[in-house]
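The structure appears below as structure tokens.
The values are calculated or read from the model by the stated rules, or taken from the named source; none is laboratory data. Just so we're clear, the structure is a prediction, and the values are computed from it rather than from any experiment. Note that each Cβ is placed from the backbone with ideal geometry, even for glycine, and that neighbours are counted across all protein chains shown. Note: accessible area is taken over every heavy atom of the protein model, side chains too, but ligands, DNA and RNA are not part of it. Shrake-Rupley method; radii C 1.70, N 1.55, O 1.52, S 1.80 Å.
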Amino acid sequence: PTTVPDSPTPPTTTIPLPPTTTLDSPTPTTTPLQVEEDSPAPEPTPVGHALEFAPEVDSFSFENFGGGEAPADLTVNMARRLYGDAQVCSEVVDNRCTPYPVILQLISQANRSMRGGLCEGLAVLSLRLAGDLNTLASFQGTDTVAQLIKADPALLSEIAYWYVTQFATEVQEEASSYLEMSPKQLAEVLLYDFAESEAGNKYTGFTLGIYSEHGGHALTPFKVVQVPTGYRIYVYDSNWPSSERWIDVDDDGWVYALAATNPTEESEAWSGGTGTMELTPMSVRSGPFTCGFCPQEGTTKSGTLLTVAASGSKQMSLKIVTESGQRLGYYDEGFVNEIPGATYRYLISGPSTSDPVLVFLPPDVETFSADVEEIDVPTPVDEEIEEAPEEESQKFSLLVLNEEKSVQIEAIVEEPTEDEVVVEEETQSLISFSEESVEVAEIEEATVAIAVDALSVEVEL
């Protein structure tokens, strides 16, 4: 597939001109057109283009579901497929990989992030399999994606793999570049790409991510139509596999009127503007990928990867501040990214838990603080829906990966009771992680796992 140009050229429509006359040519005979005075002008035919993707046959028939457990989980062999043996294995003997402890911690965190849902994997794989009879036959011998059954271990493992590709640096960087474009520009990119597909030319194909304070959600766009107010993007939504879904885009932003992260919840509108919708081209999904936090050859420095995931449904966030005061994350004024080369991404999962957050900091960011915070997310109002009971205490897991070192901490989100008076206390770092040491604050309950090179230590407090 070819890369879409930065400024896509919209498809043109050729309008036939009336015949011209010359002095030597006979005057054409015409019949006057009878038009009633009050008759409205005919509506212009809307411009629309689509992929060869029919949702009734090319999308999965089952709903989005939680992973993180075999066979829908990240394994050592899958990590080898993702990053290659050189970045994953300390040694390989008879094709058996001894993974670095850092990789094992990444696997643990990735599987934790899958528990909320695998919509990213479903969105990617449905587009990859559409019309690919050879690959479809290798799974269950079917002719369409819709005929695939969920119980197939090989299929579940493949869905998990394509979910995890969003961890890759190349995928994050490419998605972040599209995140800077307005929703209307993104719709025009899709319109151009789908027009190339219809013309039989090379095209890219994209997955589409939308973000709000609710978290993130991944969709498969397959058709774009111009409407009087802008564009309508038709999508396959794994939370609603049997329903037609679309996103309306205009100059102000986008609205997904039928967006609920959970099919059992009341559908309420999501909306946003620039910075809340992104495209990820399928061309960057192919591994092996660069491991941004793994040791680099020569004197090249590695970056830092941070993820935070929660055990419950409350959305967590990360606030990053560098030594020079540059910020990354959600603040009172909204999303802020003042760190060149840094990315901030919700790991798009699904409904039953909060969406994990993935942050990549470039190599030149060596000293920073990372605050884990809880975001208040509005809950749907529907008396007929029985809400799941909240856990007595919600835990979060924070993972920091850099070079061959990592620190992972699991702790309880401290919340005051209704009768408890909140007393302002001096801020204390939960973890201080440097080249020389790892310092952990005196907290009531936590588990800290530290990995350096081939050594891994876990301490319960």
request  = Please list, or write none, the lysines whose alpha carbon is within less than 21 Å of the alpha carbon of K202, excluding same-chain residues fewer than 8 places away.
outcome  = K223
request  = On the full set of protein chains, 1.4 Å probe, figure out the accessible area of I320 and give it in Å² to the nearest 10.
outcome  = 0 Å²
Probe 1.4 Å, accessible area per residue of the range 57-201, Å² = 39 Å²
request  = With θ set to phi - 60°, apply the Karplus curve 6.51 cos²θ - 1.76 cosθ + 1.60 along the range 320-332 and write out the HN-Hα couplings as whole Hz, x wherever there is a Gly or Pro.
outcome  = 9, 10, 7, 4, 8, x, 6, 10, 8, x, 9, 10, 4
query = Rounded if a/c is under 1.5, else prolate if a/b is larger than b/c, else oblate: which is the range 70-112, with a ≥ b ≥ c the root eigenvalues of its Cα gyration tensor?
reply = prolate
request  = Report, to the nearest whole %, how much of the accessible area of the range 42-166 belongs to carbon and sulfur atoms, 1.4 Å probe, protein only.
outcome  = 50 percent
request  = Go through 302-308, 68-74, 440-446 and give me the packing order, highest mean Cβ count within 10 Å leading.
outcome  = 302-308, 68-74, 440-446
ask   = Counting Lys +1, Arg +1, Asp -1, Glu -1, what net charge surrounds T165 among other residues with beta carbon under 15 Å of its beta carbon?
value = -2
key: Packing-based ranking, highest mean first, of 155-165, 272-282, 125-135 given that Cβ atoms within 10 Å are counted   = 155-165, 272-282, 125-135
query = Summing Lys, Arg as +1 and Asp, Glu as -1, what charge do residues with Cβ under 14 Å from the Cβ of Y236 carry, Y236 excluded?
reply = -4
inquiry  = Could you compute the net charge surrounding Y203? Neighbours are other residues with a C-beta less than 11 Å from the C-beta of Y203; K and R count +1, D and E count -1.
reply    = -3
note = Applying the gyration tensor rule to the Cα atoms of the range 47-120 (axes a ≥ b ≥ c; rounded if a/c under 1.5, else prolate if a/b exceeds b/c, else oblate), the class is prolate
key: Three-way shape label, the range 161-250, alpha-carbon gyration tensor, a/c 1.5   = rounded
note = For G272, the residues 5 or more places away or on another chain with a placed amide H closer than 5 Å to its own amide H are W254
